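The values are calculated or read from the model by the stated rules, or taken from the named source; none is laboratory data. These figures come from a predicted structure and were not determined experimentally. With ideal geometry, Cβ positions are generated from the backbone for all residues, glycine too; neighbour counts draw on all protein chains shown.
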Amino acid sequence: MKPHLLLIEPMMPTIESALRDAFTVHPYHSLEAVLPIAPRIQAIATGGATGVPAPLLAALPALEIIAINGVGTDAVNLNETVRRGIHVTTTPGILTDDVADLAFALLLSALRQVPTGDHFIRTRQWGKNTLPLAHKASGKRLGIFGMGHVGKAVARRAYGFDMPVSYHHTHNLHLNNAYFVPSLLELAQKNDILVLSASATPQTYHSINQNILEALGPKGLLINVSRGSLVDETALITALQNGVLGAAALDVFEHEPNVPEALLSMENVVLQPHRASATVETRLTMGQCVVDNLLAHFSGRPLISPVLPKTPSSGASTTAS
């Protein structure tokens with residue numbers, strides 16, 4: 001008998017085919033639809049942003065493993081999974097380059113006003129009107145909040161643009177060519193650009209508040225490729241509207257997929273629909289990691305990339321989709 005697996009988020013067709021070969025796959029539609037088969041569900045495949053809603057987790061008495069297609073675990077109650085002995089796996093390292101690439105794509109798009117220029121041409125304004133000058137990227141001071149895998153990959157890209165890099169993390173990593181700053185406020189004060197690549201934890205919730213945005217300043221750029229919960233969106237909108245903050249480039253939002261209406265009309269904001277890891281190459285590799293973790297569990301082999309219980313900390317490390 002194949003183990004029963006609940007597929008919460010769709011995956012690449014070849015990955016879903018591999019899952020169907022090994023499991024009886026039940027696509028997730030609603031908690032009510034799951035209840036009749038709930039006692040049979042032994043595994044879940046889900047995404048990092050979606051995770052497993054608490055009512056669903058409580059409704060699955062036979063659940064043994066949650067395989068996350070991503071590295072974020074903030075949408076899964078890890079205290080509860082530990083209590084129940086449910087294994088949790090992620091896909092670490094695989095999406096690091098894609099997330100860092102998008103961070104830099106957002107950086108360049110915001111500073112060089114790429115979306116504005118694209119719209120300018122598409123609306124046939126070239127030759128009739130003029131665009132304001134954009135801003136240079138090379139040489140800008142770059143601050144990184146969360147110097148894990150993604151943060152370090154962003155830093156490597158910044159060096160190619162001759163950017164001095166500093167960072168705020170849970171502790172000093174003593175890195176070459178990147179300077180540790182002991183407070184997030186000081187990091188914002190010292191830099192032109194602030195990239196968020198920290199984990200979503202109770203300690204980092206709304207860590208980007210009015211004070212941080214004011215410190216980054218009217219010429220500053222905020223880039224978020226981590227989780228929307230790090231940013232107080234109300235404070236961000238007010239800062240952008242009032243010229244307290246220069247610009248923002250966002251791949252993630254606090255209440256996805258609901259994006260505040262105010263952000264949609266701002267020309268100093270670049271938006272993406274939480275797709276930092278959304279490339280064919282990376283999603284295939286991530287999906288295979290999900291499959292491999294599930295197969296390892298049900299064959300009695302060690303998990304490929306388990307999430308291990310952690311001691312409480314301030315948790316400024318990497319996240320992704």
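Scan the range 64-82 for residues that are under 23 Å from T279 (Cβ atoms) and either in contact with an Asp or Glu (Cβ under 6 Å, 6 or more places away or on another chain) or in contact (Cβ under 8 Å) with a residue 40 or more places away in the chain (or both) and the total you get is 8. Pairs are defined by a Cβ separation below 6 Å, a sequence spacing of at least 6 or placement on different chains, a first member in the range 188-214 that is in contact (Cβ under 8 Å) with a residue 24 or more places away in the chain, and a second member that is hydroxyl-bearing (S, T, Y) and buried (at least 24 other Cβ atoms within 10 Å of the Cβ); the pairs so defined are L196/S226; S197/S226; S197/T318; A198/T204; A198/S226; S199/T319. When the range 131-188 is filtered for residues that are farther than 22 Å from S109 by Cβ and either among the hydroxyl-bearing types (S, T, Y) or not assigned by TED's automatic domain parsing to the domain that holds L216 (or both), the ones remaining, listed by number, are S166, Y167, T170, Y179, S183.
From T81, T14, which residue is out of contact with any helix residue (DSSP H, G or I) (no Cβ under 6 Å at 6 or more places or on another chain), hydroxyl-bearing (S, T, Y), assigned by TED's automatic domain parsing to the domain that holds Q288 and surrounded by fewer than 20 Cβ atoms within 10 Å (Cβ to Cβ)?
Working: T81 fails: surrounded by fewer than 20 Cβ atoms within 10 Å (Cβ to Cβ).
Just a single option satisfies the conditions, and that option is T14.
Residues of the range 155-186 being within 21 Å of Q203 (Cβ to Cβ) and either acidic (D, E) or in contact (Cβ under 8 Å) with a residue 40 or more places away in the chain (or both), which ones? Passing the criteria: H168, H169, T170, E186. Residues in the range 111-118: is at least one crowded, with 23+ Cβ neighbours inside 10 Å and either closer than 17 Å to L221 by Cβ or outside the structural domain of A249 (by TED's automatic domain parsing) (or both)? The answer is no, given that none of the residues of the range 111-118 is crowded, with 23+ Cβ neighbours inside 10 Å and either closer than 17 Å to L221 by Cβ or outside the structural domain of A249 (by TED's automatic domain parsing) (or both).
Which of the following residues is surrounded by fewer than 19 Cβ atoms within 10 Å (Cβ to Cβ), modelled with pLDDT under 95 and on the phi < 0 side of the Ramachandran plot: T311, T319, T238, T234? Walk me through it before giving the result.
Working: T319 fails: surrounded by fewer than 19 Cβ atoms within 10 Å (Cβ to Cβ); T238 fails: modelled with pLDDT under 95; T234 fails: modelled with pLDDT under 95.
From the options T311, T319, T238, T234, the qualifying one is T311.
Within the range 28-41, residues that are in the same structural domain as P10 (by TED's automatic domain parsing) sit with their Cβ atoms under 6 Å from residues that are assigned to a helix (DSSP H, G or I) and surrounded by 12 or more Cβ atoms within 10 Å (Cβ to Cβ), at 6+ positions apart or across chains, in these pairs: L31/L56.
Please determine, by comparing only the residues of the range 194-231 that are among the aliphatic types (A, V, I, L, M) and part of a loop (DSSP other than H, G, I, E, B), which one is surrounded by the fewest Cβ atoms within 10 Å (Cβ to Cβ).
A200
Residues that are within 19 Å of T285 (Cα to Cα) and out of contact with any Cys (no Cβ under 6 Å at 6 or more places or on another chain) number at least 1 in the following strands (runs of 3 or more DSSP E) confined to the range 1-81: 4-7, 41-47, 65-69. Of the residues V252, V290, the single one that is surrounded by 19 or more Cβ atoms within 10 Å (Cβ to Cβ), outside the structural domain of A45 (by TED's automatic domain parsing) and not polar (S, T, N, Q) is V252. The set of residues from the range 125-143 being assigned to a loop (DSSP other than H, G, I, E, B), under 30 Å from P182 (Cβ atoms) and not hydrophobic (A, V, I, L, M, F, W, C) comprises H135, K136, S138, G139, K140, R141.
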